[in-house]
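Just below is one structure, and these are the notes that go with it.
The values are calculated or read from the model by the stated rules, or taken from the named source; none is laboratory data. As the structure is a computational prediction, the values presented were derived from the model and not from experiment. No Cβ is skipped: glycine too gets one built from the backbone with ideal geometry, and neighbour counts run over all protein chains shown.
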Amino acid sequence: MNQRAYIKRLTEKFGVDQCKDVHTPSNESEKLTKLGDDDEFVPKWPYRELVGALMYVTTCTRPDIMHAVGEVAKYCERHGKIHWIAAKRVLKYLKTTADYSILFNGKDKGELIGFADASWASDLDSRRSTTGYVFFLHGNVVSWKSKRQPTVATSSTEAEYIALYAAAQEAVWLRLLLSDISVELGAATTIYEDNQGCIALAKNPVYHARTNTSTSSITSFATRLRKASLSLSTCQQKR
């Protein structure tokens, strides 16, 4: 399942169909920020239209660009040249990887597994962190998200826990949905996380006083773990 034809139309519409290939959706060495008082706001560029099209692609078939699209989407109200270049880079990446597809083959084990992560204080304007998670069923991607967290986390552990809790909520919803359509999941859904402090917090609610994380969310998570609908596992971090 892919959007190759739609991506081709977008590249032609926004004039990047003849550009050189780009192999990453964003340049991690360049962080986007709000325009300063002396920076030029360029409303004539079809920025919102491009971002909207990119959001449609990432929502349907391309989880690999969700973080990059989320970053450029923050500047729809007031954008400059640097934001326009970043948005077009995502489209250039889509041109390069237009054949990337989500494949549903049903050959792998019928397990629902997830991965959760957070980027602590990654928003340079608000210092808010970013939540990210992805879920696989039968080895195929079925759910994904990259979203700025609603509050400022005071530590990387807290940011990771907020992301993990969001992933846990999604896992519970997915399990209920699969149950409603008669898809059997025998084992608990494993969520992989790379922060040991976060895992300790989820498994031992007594630690909640050391963070600003709400007691209710920690208690809810611990209950799910005890009922065996969810389990946690350490995921090795790779850079």
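Of everything in the range 58-98, what is within 16 Å of ARG148 (Cα to Cα), of a type outside the set (Lys, Arg) and more than 14 Å from the chain's Cα centre (by Cα)? Give them in sequence order. Passing the criteria: TYR75, CYS76. Within the range 27-48, does at least one residue satisfy the condition of being in a loop (DSSP other than H, G, I, E, B), closer than 21 Å to SER129 by Cβ, among the polar types (S, T, N, Q) and modelled with pLDDT of 95 or more? No - not one qualifying residue is present in the range 27-48.
Okay, residues lined up against (1) touching a helix residue (DSSP H, G or I) at 6+ places or on another chain (Cβ under 6 Å); (2) surrounded by 15 or more Cβ atoms within 10 Å (Cβ to Cβ); (3) closer than 21 Å to ALA200 by Cβ:
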{"residue": "LEU103", "(1), (2), (3)": "no, no, no"}
{"residue": "ALA118", "(1), (2), (3)": "yes, yes, yes"}
{"residue": "ARG127", "(1), (2), (3)": "no, no, no"}
{"residue": "THR130", "(1), (2), (3)": "no, yes, no"}
{"residue": "ASN140", "(1), (2), (3)": "no, yes, no"}
{"residue": "LYS145", "(1), (2), (3)": "no, yes, no"}
{"residue": "GLU158", "(1), (2), (3)": "no, yes, yes"}
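Listed by first and then second residue, the pairs with beta-carbon distance under 8 Å, at least 6 apart or on different chains, first residue in the range 17-30 and β-branched (Val, Ile, Thr), second outside any loop (DSSP other than H, G, I, E, B), are VAL22/ARG89; VAL22/LYS92; VAL22/TYR93; VAL22/LYS95; VAL22/THR96; THR24/TYR93. Would it be correct to say that GLY114 is under 14 Å from the mean Cα position of the chain (by Cα) and either over 18 Å from LEU10 (Cα atoms) or of a type in the set (Asp, Glu) (or both)? Yes.
Inside the range 69-82, residues that are out of contact with any Lys or Arg (no Cβ under 8 Å at 6 or more places or on another chain) and either of a type in the set (A, V, I, L, M, F, W, C) or farther than 17 Å from THR130 by Cβ (or both) make up a count of 8.
Please determine whether any residue of the range 50-67 is in contact with a Lys or Arg (Cβ under 9 Å, 6 or more places away or on another chain), part of a helix (DSSP H, G or I) and farther than 24 Å from ASP117 by Cα. There is at least one residue in the range 50-67 that is in contact with a Lys or Arg (Cβ under 9 Å, 6 or more places away or on another chain), part of a helix (DSSP H, G or I) and farther than 24 Å from ASP117 by Cα. Check off (1) more than 23 Å from GLY52 (Cβ to Cβ); (2) not assigned by TED's automatic domain parsing to the domain that holds HIS138 for ARG89 and give me the number that stays unchecked. All conditions pass for ARG89, except number (1). If only residues of the range 107-125 that are among the small types (Gly, Ala, Ser), touching a strand residue (DSSP E or B) at 6+ places or on another chain (Cβ under 8 Å) and in a loop (DSSP other than H, G, I, E, B) are counted, the one that is farthest from ALA163 (Cα to Cα) is GLY110.
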